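The values are calculated or read from the model by the stated rules, or taken from the named source; none is laboratory data. Just so it is clear, the model here is predicted, and its values are computed rather than measured. FYI the Cβ positions are ideal-geometry reconstructions off the backbone, even for glycines, and counts take in every protein chain you see. Note: areas computed on protein heavy atoms with side chains; ligands, DNA, RNA excluded. Shrake-Rupley method; radii C 1.70, N 1.55, O 1.52, S 1.80 Å.
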Amino acid sequence: GIQDCSTKGKQYTSPPLIVMEPAELRAASPDGMLPDETDSEEDDDDEADNDQHVNGGSIDRPKATLIAKADEATCVQSGCGHTPPGDRPTGSRKPQSPKGPQEYEAFYASQNLCSDSDWLRSMDLLLQPLPPAFRVDSRGEASDSAQVSALLEALRPWGLEPVPWCPGAYRLASAGPLGQKGRLEDKRLNKILVRARRSGIIERQESASMLPGMVLDVEPHHIMLDLCAAPGSKTMQVLELMHRDRGLDVLEPPPGLLVANDFKSKRVNRILNRAKRRPAGPLLATCADARRYPNLVWKNRHGSNKVRFDRVMCDVPCSGDGTVRKARGLLDNWTPRSGLCHHGDQLGILCRGIELLAPGGLLTYSTCALNPVECEAVVAGALSWAKGMVEVVPIQIPGLQLARGLTTWRVPAPIAVEGAPPGGATYASWEEVSQDERNSGRLRRSMFPPAADAASVKVGVPISEQLQRCGRLLPAHDNGGCFFLALLRRVGDVDVPLRRGDKARVLHNGLEATVRGQGTGKFAGLTRVTFAEDGSTFHVSPEGLERWRDSGQELGTAPLAEDVNARASEEEGLKTEGHIVRPVSEADWNTLADFFGLVSDQAKAESLGVQAFAREALVYGPESYFPSAATQDHDDQDGATLCLASESLRALGKVRNPRPALRAAFVRPRMEAGDQQSPSKCCAASFPWRPTLEMAGVLATCCTRRVACAPSRAVLQEVFFQQEGVKPEADATSLGVDPSWPDGAVIIIVGALGYGHGLPELAIVGTLSKGRVRVVFQHGFNTLARVIALAGPVGKSGFGLGLLVPGVDQLHNSFAGG
């Protein structure tokens with residue numbers, strides 16, 4: 001999508017940028033969200049409304065009529081609030097005949113992106129709004145749950161159809177017309193989509209942006225990096241893929257690691273907010289410039305080893321001119337020069353992603369732009385820089401045919417040329433560019449096709465041949481948006497090219513040196529290095545250098561075994577202060593295990609008929625995870641929440657401003673002045689921990705104590721739906737709770753009890769005190785029962801009570817507006 005991953009240090013003067021309204025900017029993102037928009041519940045309606053389209057499919061009409069109808073389609077059909085040219089008042093500053101559509105069609109027709117027939121159909125569809133798309137949770141039985149079935153049945157009146165090449169993905173072909181602000185006029189449909197997304201049943205995502213996650217073939221044990229992750233739909237897709245072999249009742253997170261990075265802190269916050277609707281044990285969010293992403297390290301008793309990733313995703317910032325089906329204003333003001341200013345940043349991000357890739361690992365480079373300068377030219381530039389370190393892999397997706405990558409293209413002139421034909425003045429090779437244009441810095445050699453570049457480096461398979469393995473998705477292929485995708489694999493026996501600041505060994509004398517840059521003048525073609533021993537500077541042939549290896553060398557992607565299982569252990573002398581998360585202390589673990597009857601031994605748990613609790617996965621979460629939680633006796637920041645983290649995340653060394661998402665399991669409620677008089681708070685003084693509502697169903701399969709079976713769902717309904725002003729509590733015996741139990745948290749379920757029977761039909765958390773149980777509400781979280789906030793009233797704290805819908809029929813009615 002359109003992101004501003006980096007705004008500093010640009011080397012090139014950019015042409016005037018396109019100015020878009022907020023609605024248009026949101027529409028230009030594949031996720032339908034503003035770059036700086038927080039993913040709060042108040043924004044859900046805006047996000048959903050601005051990702052819709054008008055009725056209609058393909059319209060067969062001659063090419064000559066496309067330009068004539070572009071103005072009308074741009075302003076009326078999109079519903080973006082623009083007045084058609086003929087209806088504008090006298091003196092309007094808008095041009096009466098925008099040149100954008102003519103320039104757009106003429107420029108890309110000359111690039112030969114696909115066959116003539118596919119291009120005609122694509123241009124026809126580009127003038128029509130984009131059908132909204134979404135994914136359902138792909139984890140195990142979640143995709144076949146009654147809630148998902150009820151949702152899909154409720155959406156059938158709006159032309160629900162599956163995306164044939166992506167399992168679990170759907171479109172709405174008849175979503176209805178859009179209003180003046182680009183929002184759905186059908187409020188019933190909007191309410192269904194917003195509530196379903198808040199509950200975590202679906203994830204809103206344009207179908208084209210699902211491609212990178214599919215081709216990467218992510219496994220639960222993989223170490224993965226998403227360099228430009230916001231707003232987070234691709235990250236959530238990968239997170240689901242890492243959990244796809246795990247049922248909803250499996251407690252322990254997958255062993256891998258998923259690092260989601262973005263340049264702006266607000267966007268990182270949005271990723272973390274979206275992760276609250278998913279089991280996020282492997283997820284770590286970082287905020288850094290993707291072009292200079294810092295090295296992460298594994299921490300163990302033998303030192304620090306650099307992290308190299310099995311999978312890297314580079315969905316780079318771009319001009320977004322492939323999103324005109326949503327951003328109609330972009331087409332009005334489009335020029336061929338809009339993609340030139342992104343090329344340098346895109347190339348820098350891709351090269352850094354290649355450096356971080358482990359031998360044999362896969363990397364995707366993708367944009368929602370059509371311009372070859374942002375697509376094939378970036379891949380060709382990276383291949384030339386890598387000198388055989390990576391190769392492009394053919395993309396094969398059953399049920400989807402992509403256009404092949406280009407080997408030749410034309411680069412637009414950086415400034416408008418008077419008298420130029422439609423599409424503007426263009427260059428076929430670097431040799432055609434005047435010296436003044438070269439000196440201006442607005443064009444660079446890597447923007448041009450390798451066949452026309454005399455300095456192009458060809459190692460192994462020629463670059464031109466590898467470019468044909470890239471893929472371009474057009475509306476004619478899928479009735480979606482435009483998308484470019486390249487899949488690269490790192491070759492195992494080729495090292496990363498040395499860059500400025502890297503340590504190197506000079507082969508003829510074996511001394512350590514630091515690379516300072518490339519030689520100039522009479523030293524052109526040599527590398528300038530500074531020896532560590534005496535600081536002297538020499539020029540050395542690149543073939544006479546190799547990367548310096550020491551105790552911090554790259555040892556692969558997996559941490560050492562003792563690193564993964566590290567816990568605070570005085571007898572072993574292992575220090576955990578250097579890790580990104582801190583494991584649960586022996587005292588807190590014993591308290592939890594004794595109170596809830598948790599068992600970490602697999603054999604013993606099976607004999608008791610419960611799921612073994614993964615003690616090694618339990619870590620302290622930051623206090624900010626639950627703003628309403630704090631410690632009484634702990635002054636440190638880590639202590640208010642106990643969370644589940646993957647083994648790779650636990651082995652990771654500290655980074656600057658780490659923000660692990662984790663999966664909250666237990667929380668220590670905040671004790672304010674006067675809380676000692678509250679029945680629900682006084683027991684917290686004797687036992688400080690209670691389960692989180694999101695994890696109640698899973699924890700019920702692990703506990704041998706403190707789990708009660710309610711006689712019926714109707715009993716719980718009576719507790720919830722009491723008169724206004726009456727606290728939601730009842731006698732312990734009426735809810736199946738033994739009043740002789742010690743005061744503290746209890747889990748009350750409806751349905752099967754015991755591991756192996758799946759999740760309970762319903763699970764809630766209550767507080768037992770003096771023979772009465774009060775229901776606990778937890779603001780900001782959606783239960784794993786998958787139906788929170790879908791129907792029914794909302795409690796005072798904002799927590800939805802839709803989980804009390806009696807059955808599938810009633811749930812269907814709630815989706816349909818009942």
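Students often get this wrong, so check it: of 306/654; 276/306; 299/654, which have C-alpha atoms separated by over 20 Å? Intermediate values should be presented prior to the final figure.
Details: 306/654 12 Å; 276/306 29 Å; 299/654 9 Å.
276/306, as the Cα separations exceed 20 Å there.
Each of the peptides 387-395, 424-432 was scored by the mean count of other Cβ atoms within 10 Å over its residues; in descending order, highest first, they stand as 387-395, 424-432.
If packing is taken as the mean number of other Cβ atoms within 10 Å per residue, what is the order of 649-657, 344-352, highest first?
Numbers: 649-657: 20.1, 344-352: 23.3.
With the highest mean Cβ count within 10 Å placed first, the list reads 344-352, 649-657.
Here the Karplus relation 6.51 cos²θ - 1.76 cosθ + 1.60, evaluated at θ = phi - 60°, turns the backbone of segment 482-492 into coupling constants of 9, 7, 10, 9, 10, 10, 10, 10, 7, 6, x Hz, with x for every Gly and Pro. Only Cα pairs under 8 Å and 6+ residues apart enter the sum, and on that basis the relative contact order of segment 323-425 stands at 30 percent. Amide H to amide H distances under 5 Å link residue 286 with 260, 261, 262, where only residues 5 or more positions off or on other chains count and H is placed in the peptide plane. Converting phi to 3J(HN,Hα) with the Karplus coefficients 6.51, -1.76 and 1.60 and the offset θ = phi - 60°, segment 759-770 yields 6, x, 4, 8, 9, 10, 10, x, 10, 8, 8, 6 Hz in sequence order, with x at every glycine or proline. Around the amide H of residue 225, modelled in the peptide plane, lie the amide H atoms of 259, 311, 312, 313, all under 5 Å away and 5 or more residues distant in sequence or on another chain.
Is the shape of segment 234-357 best called rounded, prolate or oblate, per the rule: a/c under 1.5 gives rounded, else a/b larger than b/c gives prolate, else oblate, with a ≥ b ≥ c the square roots of the Cα gyration tensor eigenvalues?
Numbers: a/c = 2.67, a/b = 1.49, b/c = 1.79.
In terms of gyration-tensor shape, oblate.
Between residue 740 and residue 601, residue separation times 0.36 nm minus the direct Cα-Cα distance comes to 47.2 nm. Between the amide H of residue 667 and those of 642, 690, 692, distances stay under 5 Å, these residues lying 5 or more places away or on another chain, with hydrogens modeled in the peptide plane.
All other residues with a Cβ under 13 Å from the Cβ of residue 294 taken together, and with Lys, Arg as +1 and Asp, Glu as -1, what is their net charge?
Working: positive: 291, 292, 306, 352, 654, 656; negative: 289, 355.
With Lys, Arg at +1 and Asp, Glu at -1, the net is +4.
For the residue pairs 326/387; 264/727; 187/234, alpha carbon separations beyond 32 Å are given by 326/387; 264/727.
Once the gyration tensor of the Cα atoms in segment 172-311 is diagonalised, the equivalent ellipsoid follows with semi-axes of 32, 18, 13 Å, ordered largest first.
Per-residue Karplus couplings for segment 519-530, computed as 6.51 cos²θ - 1.76 cosθ + 1.60 with θ equal to phi - 60°, are listed in order as x, 10, x, 6, 9, 4, x, 9, 10, 8, 10, 10 Hz, Gly and Pro entered as x.
Say R0 is 35 Å: what FRET efficiency, to the nearest 0.05, do residue 538 and residue 461 get from their beta-carbon distance? Intermediate results must be reported in sequence, preceding the final value.
Numbers: r = 35 Å, r/R0 = 1.00.
For R0 = 35 Å, the calculated efficiency reads 0.50.
Compared with the alpha-carbon gap, the fully stretched path from residue 439 to residue 425 is longer by 3.2 nm at 0.36 nm per residue.
Here the gap between residue 416 and residue 591, fully extended at 0.36 nm per residue and compared with their Cα-Cα distance, gives a gain of 55.8 nm. The portion of the accessible surface of segment 341-479 made up by carbon and sulfur, rounded to a whole percent, is 50 (1.4 Å probe; DNA, RNA and ligands excluded).
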